[in-house]
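A quick write-up on the structure given underneath.
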Amino acid sequence: MKPKIVLIGPGRLGQAVTSLLAEAGYPVVAVISRDPARAVAAARFVGHRAAGTCDLSRTKEGDLVLLALPDDFLADAALLLRRNGWLAPNAVVVHFSGRHPAAILNQGEAPRVRALSLHPLQTFADSVTGLRNLPGTPFSVEGEEALIPLGETLVDALRGKPFRIDSARKPLYHAAACVASNYLITLAATAAEIMAASGIPEDEALTMLLPLLKGTSRNLSTLGPEQALTGPIARGDVQTVASHLDAMAELPNELREIYRVMGRKTVGLARQKGTLGEQQAEAILELLKS
């Protein structure tokens, strides 16, 4: 018999993860939210409509408690469950933060809980796309050594790819994930803003850039960063970089600074690729000085 699941915090990630676990045969006994309508809607999404509730004490019905809450609420929520005796004996509490170690669930004076952390290296714009994106996703698994096999089993049930990570290094791991996902969105929005200065409406500019972003992503996946790199810096085209900076002279300084910072990083990558000569690199870096 597979462990019974309680989900606390039925947001995008929580719904996607619980839905896949339910599909894999894990019984869902409670989906808990402060909002009754949200609890019922989330329970319906995961295929167990009757499990929707606002009663936090029902947490003790679960063998696996999925605490799918924002990072800043994890410690207090776990402490509340521990102090009130709302956890079944030997229950395992799982959080999904990329930043916090599993030990965050045992802060404060109260009986300790068996704690595990799983973090999908994936983005959750909404529950449906999250559900579609999860299969094949790498998951960090971290927590008590005795619980690592359970974490890996859960990731297998989610059709993900488990890997272990050191607790102390999670903030660096999470920073990398933020750069790859969140900052990519910001970078695309920045490109659209610069393009809008050429006279193309910003919403149209973003639409026009999407095929380029998709093509770049495919090249990155197939070739890796160095070989996927194209453009004026990779070619050593000093005058093109100079013309970009001249054209951006009247734009907000933050846009120019993003161009310069990313350009300097691109010089290093182009050198690794071997297509940028030393003299050209120095000339471009001189242009890109803050």
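The values are calculated or read from the model by the stated rules, or taken from the named source; none is laboratory data. Values in this document were obtained by computation on a predicted structure and should not be read as measured data. Quick reminder, even Gly has a Cβ in these numbers, built from the backbone with ideal geometry, and neighbours come from all protein chains shown.
When restricted to residues that are in contact (Cβ under 8 Å) with a residue 40 or more places away in the chain, assigned to a loop (DSSP other than H, G, I, E, B) and within 26 Å of Leu172 (Cβ to Cβ), the range 104-127 contains 4.
Just one of (1) hydrophobic (A, V, I, L, M, F, W, C); (2) surrounded by 14 or more Cβ atoms within 10 Å (Cβ to Cβ); (3) modelled with pLDDT of 95 or more fails for Ala146. It is (2).
For Ser221, the requirement of being of a type outside the set (Lys, Arg), in a helix (DSSP H, G or I) and either assigned by TED's automatic domain parsing to the domain that holds Gly25 or surrounded by 12 or more Cβ atoms within 10 Å (Cβ to Cβ) (or both) is not met. Taken over the range 3-22, the criterion of being charged (D, E, K, R) and modelled with pLDDT of 95 or more is satisfied by Lys4 alone. Scanning the range 176-201 for residues that are assigned to a helix (DSSP H, G or I) and either of a type in the set (Phe, Trp, Tyr) or more than 26 Å from the chain's Cα centre (by Cα) (or both) yields Tyr183, Ile194, Met195, Ala196.
With respect to the conditions (1) small (Gly, Ala, Ser); (2) surrounded by fewer than 21 Cβ atoms within 10 Å (Cβ to Cβ); (3) modelled with pLDDT of 95 or more; (4) over 25 Å from the mean Cα position of the chain (by Cα), Gly62 falls short on a single one, namely (2).
In the set (1) at pLDDT 95 or above; (2) assigned to a loop (DSSP other than H, G, I, E, B), the condition left unmet by Pro162 is number (2).
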